[in-house]
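Would you mind keeping the following structure in view while I ask a few things?
Any read-out appearing in this document is the output of simple, stated calculations on the displayed coordinates, not a laboratory observation. No experiment lies behind these values; they were computed from the predicted model shown. Neighbour counts are summed over all protein chains in view; Cβ atoms, including those assigned to glycine, are modelled from backbone coordinates with ideal geometry.
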Amino acid sequence: MEHEEMSLIPGLSRRDFLKSCGVLASVIGLSGPMAAPRVAKALEQLAKRPAIVWSCFQECLGCSVNLLQSRKPNPANLILKQISLNYHEAVMAPAGSQAEKSFRETVDSKDFYYIVEGGIATGIPNACTISGKTSMEICKDTYQKAKATIAIGTCACYGGIQAAAPNPSGSKGVTDFLKSEGISNPTVINSPRCPGNADDTVAILLYVLVKKALPELDSQGRPTFLFGQLVHDNCERRGHFDAGEFVEVFGDAGSEKGWCLYKVGCKGPVAYAPCPVTRWNGDISWPVMAGGPCIGCSEPDFWDKQSPFYEKAPGIKLPGDITPTQVGVGLGALTAVGIGAHFIGQAATGRLGKGGPQEGDETGSDEGGKR
Amino acid sequence: MTKVVIDPITRIEGHLRITCEVENGVVKDAWNTATMFRGFEIFMKGRDPKGIWQFAQRICGVCPTPHAFNSVRAVETALGMDKVPDSARIVRNMMEAAQLAYDHVLWFYHLNGFDYVNVPNTLNAKAATPGLKAVQDQVKAVVESGQLGPFANMYWDHPGYMLPAELDLEITAHYLQALEIQQKACDASAMLGGRYPMINNYVPGGVTQMPSIEDIEYYVSQMSMVKDFIDTVMLPDLLAIAPYYLDLASYGKGVGNFLSWGVLDEKSQDPYDRLFPRGGIFDGKLELQKVSLEDTRQYTKTSWFGDGVGAGKHPLNVGQEPIEFTNLPPIEGEAFPQGKYDWTQAVRYGTEDRPMEVGPLAQVLIAYLAGRPEAKKLVDDTLAAVGHAGDPTVLLSNLGRVAARVIKAKINSDNAIRWAEELLANIGKGETTVYEELDFTKTGTGQSGWDAPRGALAHYTKLSDSKVDTYAAVPPSNWNLSPRDDKGVRGPVEEALVGTPVADPEKPLEILRTVHAFDP
C-alpha cells in the first residue's frame, strides 16, 4: 500500500488557518494586514472546542453532504480541531441509546451551539421522530438550552421542499415553528439555499464564536453579509442580460457563448444569495456556470413561488425598459440592503478582497478563477 | 427473550428505528421502521414536467444524481423520447460515475467504518510512519481533551472489534484521507453540474450545455486521484481487514432475491447493455433473469397508510394517502411492533410478491452472472482472498455486501475516465448536440430504472395537460427496508437480521453491522 503519497492528515498549516480566518476577518469588520492573525488568536484562545448539536429533521441530508465539502477549514480539521461535533446522526459513531446519551449530556450542559437541518413536522408530529421524540419536542427543548441556534438550508429556515403545497406533513422552518409554540421573537440565524452551503455554515459559526454576537440579519433572518445581494447583481452573465443576449433554448449558440439564462427561467433577479461570488465546492462552480438557470433556492417558499423553474420570472422588464440598478432594488424578498450592506457583502465574500488592497495578503483563493 | 431497540440508527441517510427480538444471543425476529415522512408524491402532483426533476433530486441529498437521471428520463419516455443525444448520455454517465465514487468511499470509511475500526485502540499502535504518528497524535489530543465529540459513547470495549491496533490506526488515517477523496469526486461532479449535491445541468431532453475541454480535463484529473485511492488504499483496506471479520460470511444471508435496474449507459442506451446491467436473481439460485419495471407492486397493510392504498398495485396507482398513523410501542417495555409500524410501503416484485435485495451486491452478482470480465475477475480474486475460491454463494452475506461495494467502486472508477474519453472523441467528431427540445404538451406515461449507489431506483410518471398528473419514486431503501407485506413476509433487512448474533444486547454492534451492510 502506498500511503505516503498523500497527506495522511489534511494538516491545517498556519497559513491555511490564517486564510480561513481572512474571510472571517473581513466579515466581522476587521481589516488591515493584522486582521487575520487577530481572528486566529481569538479562536485559539477558546478554552475548549465549542460543542455542536446538529439535528437532522425532515431532510435529505444534502446540507450535511455539502458540509463535507468545506475547505477552509476542511471537514477533518473542523471536526478534530475546531469544533466538538457531539451529536450529528450521520457522522457520529454511537447509535440508539448511546447516541441519545451523547445528545442528553451535551444538551443538559447548556454549553453548546445548535444547528438544525430539515423542517419541523407540525401537522403530523410523528412524521419525524428520533428516539421516540417528535421533531417538535426536540427542536423546542434544544433551542431553549442552546447558546445560539443556526438553521442550515432552506428546509430548516422556511420548511423547504416538504412544505411545498399542499405541505402534507405540515412542515415548518425553525423560526415559524418556535413562534407557533408561543416563543414570540425567536433568535435563529437562517442560512438558506438548497442544499445549505458549507462555507455559509462555517462563516456564521465562526462569526458567532469569535464576535459572541449575532450578525446583522435581513427580514428573512439571513445574515446580510452573505445574503445581502441579488444573484443577478454579481452574475458573470449579467453583461449579457444588459446587452439583451439570451439563451433561447438549451444547447443553442447563445448557450455555447455563456449568454444570460433569464429567458429559460433564471431566478437570479429575485434571489438573494452569494452563489456567483463564493461559488460552490471550494469555489469551482455554481449552478448558472453549469448552464442551468438559478432556481432561487435561497428564498422562502421557493418551491411554490419560484417555480416553474424553467419559465421566465414574472414582472421583470428587459433591458431598455429599466436600468440594471432598478432590477436589483425593485424585486425579490424584503431585505435590509443598503450601500453599506452591499459593501460588507462584497468584502466578506472576497469579491473585493481578491487582489484588492484591504485583504490582499491571505484572503485570495487558490482554486478561484478556473474559467 | 430480550427486546433490543436501536433508535436512531446513525451513520445513514434518513431516520430509522430497528427493533429486534433476541433469544439465546441470536436475533429471532426483527422490524425496521422509517420514522420520517415528507409526502413527495403528493406535492409533486400538478407541477411543471420540465422542472419536476429538481424536486425529485431532493428525495435524497446523498444520491441526488440518480434521482435526477430517473426523473428526466421518466419524463423523456413519457414524451416519446427513446434515446438522448449520445453526448448527453456521456455527460450523464460522467455525473453518475463521480456520484457513485464519492458515495462508496463515504460509505466504506465514514458510515460503515466505525462498526469494524476501533478509534481509541489506535493509541495502542506502534506508528510505522510519520504520517501515521501525526494521526495518532491527533487522536490522542482529542482523547486527552476529554471532548470525544462524534467518537464518544460508542461500544469501543465490545469484544467484536478484532483488528490489531496498527490496522485500526492505518484505517483511521484513511478515514481522514477519504474525507479529501470524496471531495475530489464531488468536485468532478460540481465542475460539470454547478455544485454538489443538487446538480443543475440536467433537463428533460439532455443536458444544459456541453462541458468545455478544460472542464473535461479537470474531471479526468479529479477522478484519476479517486481511482488511485480506490486501487491503492480502499481495495487493499478491504483485503487487509476481511481476514479478521470472516464471521461476516456466516450471517446476514437475507432473502436471496436480487434486483438491479442497471446503471451507466453504453452507446446503445440498452439497460441490459449497461456497465452494471439490468437483471434479477431469484430464490438464491445464481442464474440471471430478465426483469420489468412494470412488475413492481406495493403493499400498505403494515405501513402508516390505508390498507387499500397499496394492495399490490403498480407504483403509479398507489400514492401516499390516506395516512393512518398508529403509535409505535415505546422503546422501553416488552411490546413489539404490531399491525402498522412503518412510513415505508412494502415493495415486492412480480406475481410471487418476492421481497428483493438491491444494492452493490445485487449489481455485482448480476454483472458477474452476465459475464462482465471486470466483475468476474474482481469477484473471483476476492473469493480467493477470503479462502472461498470458486464459491460465490459465500457472498450472500454481510461479507458479500461489504466486498461488493468496494468491487463496484473499483469498476466504476476504472471506467469514469473512459466516459470522459468518449466525450472528447465525440467533440472531435463534431458530435456536440446535448439537447433536443421536447413537446411538453403531449400526454403519456413514462418510467425509468437506473440504480442509485445503494441500489435499484425507479421513477414513474404520467403527464397530461403539460403537467405532472401522477409521480411515483421507488428508491432502493423502499426495497431493502420494506416492512412486512400483506402476507406477513419480512422485508430484506428484517430477514437478514434474523440469525444475527448479539454478544451483548446492551451493545448490539452486530445488528448495526447487518443494517449498515445495506447502506440504508
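When the range B:179-193 is examined, which residues are found to be more than 7 Å from chain A (Cβ to nearest Cβ) and surrounded by fewer than 24 Cβ atoms within 10 Å (Cβ to Cβ)?
Initial filter on the range B:179-193 (more than 7 Å from chain A (Cβ to nearest Cβ)): B:181, B:184-185, B:188-189.
Within the range B:179-193, just B:K184 meets the criteria.
So that you can scan it fast, the table gives a plain yes or no per residue for (1) over 14 Å from the mean Cα position of the chain (by Cα); (2) aromatic (F, W, Y):
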{"position": "A:C139", "(1), (2)": "yes, no"}
{"position": "A:Y158", "(1), (2)": "no, yes"}
{"position": "A:S191", "(1), (2)": "no, no"}
{"position": "A:L205", "(1), (2)": "no, no"}
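Of the conditions (1) free of Cβ contacts under 8 Å to residues at least 60 places away in the same chain; (2) more than 11 Å from every other protein chain (Cβ to nearest Cβ); (3) more than 27 Å from the chain's Cα centre (by Cα), B:D168 satisfies every one except a single condition; which number is it?
Tallying (1) free of Cβ contacts under 8 Å to residues at least 60 places away in the same chain; (2) more than 11 Å from every other protein chain (Cβ to nearest Cβ); (3) more than 27 Å from the chain's Cα centre (by Cα), B:D168 fails exactly one: (3).
Report the residue count in the range B:438-458 for those that are over 16 Å from the mean Cα position of the chain (by Cα), more than 14 Å from chain A (Cβ to nearest Cβ) and in contact (Cβ under 8 Å) with a residue 40 or more places away in the chain.
Final tally of qualifying residues: 6.
Could you list, in sequence order, all residues of the range B:482-504 that are among the hydroxyl-bearing types (S, T, Y) and farther than 30 Å from B:D157 by Cβ?
B:S482
Shifting gears a bit: Six or more apart or on different chains, Cβ under 9 Å: which pairs go from a residue in the range B:205-222 that's within 9 Å of chain A (Cβ to nearest Cβ) and at positive phi to one that's surrounded by fewer than 21 Cβ atoms within 10 Å (Cβ to Cβ) and among the aliphatic types (A, V, I, L, M)? Could you list them?
Qualifying pairs under 9 Å: B:G205/B:L79; B:G205/B:M81; B:G205/B:L438.
Another one. Which one is surrounded by the most Cβ atoms within 10 Å (Cβ to Cβ) among residues in the range A:77-121 that are hydroxyl-bearing (S, T, Y) and at the interface with chain B (Cβ under 10 Å from one of its Cβ atoms)?
So, considering only residues that are hydroxyl-bearing (S, T, Y) and at the interface with chain B (Cβ under 10 Å from one of its Cβ atoms), the one surrounded by the most Cβ atoms within 10 Å (Cβ to Cβ) is A:Y87.
Condition check ((1) assigned to a loop (DSSP other than H, G, I, E, B); (2) of a type outside the set (K, R); (3) out of contact with any helix residue (DSSP H, G or I) (no Cβ under 6 Å at 6 or more places or on another chain)) across all residues:
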position: B:A375; (1), (2), (3): no, yes, no
position: B:L378; (1), (2), (3): no, yes, no
position: B:T382; (1), (2), (3): no, yes, no
position: B:A389; (1), (2), (3): yes, yes, no
position: B:K410; (1), (2), (3): no, no, no
position: B:N415; (1), (2), (3): no, yes, yes
position: B:E421; (1), (2), (3): no, yes, yes
position: B:L438; (1), (2), (3): yes, yes, yes
position: B:T441; (1), (2), (3): yes, yes, yes
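Next question. In this structure, is B:G499 more than 28 Å from B:A403 (Cα to Cα) and in a loop (DSSP other than H, G, I, E, B)?
The answer is no for B:G499.
Let me ask something else about it. Residues in the range B:119-128: is at least one part of a helix (DSSP H, G or I), within 8 Å of chain A (Cβ to nearest Cβ), closer than 18 Å to A:H88 by Cβ and in contact with a Ser or Thr (Cβ under 9 Å, 6 or more places away or on another chain)?
Scanning the range B:119-128, I find no residue that is part of a helix (DSSP H, G or I), within 8 Å of chain A (Cβ to nearest Cβ), closer than 18 Å to A:H88 by Cβ and in contact with a Ser or Thr (Cβ under 9 Å, 6 or more places away or on another chain), so the answer is no.
In addition: Do the conditions hold for B:E180, that is, is it in contact (Cβ under 8 Å) with a residue 12 or more places away in the chain and acidic (D, E)?
Here the answer is no, as B:E180 does not meet what is asked.
Out of (1) more than 22 Å from the chain's Cα centre (by Cα); (2) closer than 30 Å to A:D111 by Cβ, the odd one out for B:L179 is which?
Exception for B:L179: condition (1).
Only helices (runs of 4 or more DSSP H) wholly contained in the range A:200-287 count here; list those with 1 or more residues that are within 14 Å of chain B (Cβ to nearest Cβ) and touching a Gly at 6+ places or on another chain (Cβ under 8 Å).
Passing ranges, in order: A:231-234, A:253-256, A:275-278.
Of all residues in the range B:294-318, how many are surrounded by fewer than 20 Cβ atoms within 10 Å (Cβ to Cβ) and assigned to a helix (DSSP H, G or I)? Break it down into steps so the answer makes sense when it comes.
We begin by selecting, within the range B:294-318, every residue surrounded by fewer than 20 Cβ atoms within 10 Å (Cβ to Cβ); these are B:294-295, B:306-308, B:311-314, B:316-317.
Next, from what is left, pick out any that are assigned to a helix (DSSP H, G or I): B:294-295, B:307-308, B:316-317.
Residues meeting the conditions: 6.
Another question about this same structure. Just need a number here: residues in the range A:49-99 that are under 23 Å from A:A163 (Cα atoms), in contact with a Lys or Arg (Cβ under 6 Å, 6 or more places away or on another chain) and outside any loop (DSSP other than H, G, I, E, B).
The total comes to 1.
Which of the residues that make up the range B:124-143 are surrounded by fewer than 20 Cβ atoms within 10 Å (Cβ to Cβ) and either in contact with a strand residue (DSSP E or B) (Cβ under 7 Å, 6 or more places away or on another chain) or farther than 28 Å from A:S64 by Cβ (or both)?
Within the range B:124-143, B:N124, B:K126, B:A127, B:A128, B:T129, B:P130, B:K133 meet the criteria.
Just need a number here: residues in the range A:227-245 that are under 23 Å from the mean Cα position of the chain (by Cα) and surrounded by 23 or more Cβ atoms within 10 Å (Cβ to Cβ).
Residues flagged as under 23 Å from the mean Cα position of the chain (by Cα) and surrounded by 23 or more Cβ atoms within 10 Å (Cβ to Cβ) within the range A:227-245 amount to 7.
Name the pairs whose Cβ atoms lie under 6 Å apart, with the first residue in the range B:388-401 and over 8 Å from B:A249 (Cβ atoms), the second in a helix (DSSP H, G or I), and 6 or more positions between them or separate chains?
B:A389/B:L383; B:R401/B:L361; B:R401/B:A517
From the list B:Y349, B:Y435, exactly one residue is within 14 Å of chain A (Cβ to nearest Cβ), surrounded by fewer than 24 Cβ atoms within 10 Å (Cβ to Cβ), touching a residue at least 60 places away in the same chain (Cβ under 8 Å) and not aliphatic (A, V, I, L, M). Which is it?
Being within 14 Å of chain A (Cβ to nearest Cβ), surrounded by fewer than 24 Cβ atoms within 10 Å (Cβ to Cβ), touching a residue at least 60 places away in the same chain (Cβ under 8 Å) and not aliphatic (A, V, I, L, M) holds for just one of B:Y349, B:Y435, which is B:Y435.
For the range B:129-156, give me each residue that is touching a residue at least 12 places away in the same chain (Cβ under 8 Å) and among the charged types (D, E, K, R).
Correct list: B:K140 only.
Next question. Within the range B:35-87, track down each residue that is in contact with a Pro (Cβ under 6 Å, 6 or more places away or on another chain), in a loop (DSSP other than H, G, I, E, B) and closer than 26 Å to B:D103 by Cβ.
Across the range B:35-87, the qualifying residues are B:G39, B:G51, B:G61, B:C63.
Could I ask something else about it? For the range B:194-217, indicate whether the set of residues that are in a helix (DSSP H, G or I), closer than 22 Å to B:P453 by Cβ and of a type in the set (G, A, S) is non-empty.
Within the range B:194-217 (the criterion being in a helix (DSSP H, G or I), closer than 22 Å to B:P453 by Cβ and of a type in the set (G, A, S)), the answer is no, since none of the residues qualifies.
Residues checked against (1) within 24 Å of B:V489 (Cβ to Cβ); (2) of a type outside the set (D, E, K, R):
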residue: B:N24; (1), (2): no, yes
residue: B:V27; (1), (2): yes, yes
residue: B:A34; (1), (2): yes, yes
residue: B:R38; (1), (2): no, no
residue: B:M44; (1), (2): no, yes
residue: B:A68; (1), (2): no, yes
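Could I ask something else about it? Among the helices (runs of 4 or more DSSP H) contained in the range A:123-194, which hold 3 or more residues that are closer than 16 Å to A:W303 by Cβ?
Where helices (runs of 4 or more DSSP H) fall fully within the range A:123-194 and carry at least 3 residues being closer than 16 Å to A:W303 by Cβ, they are A:153-158.
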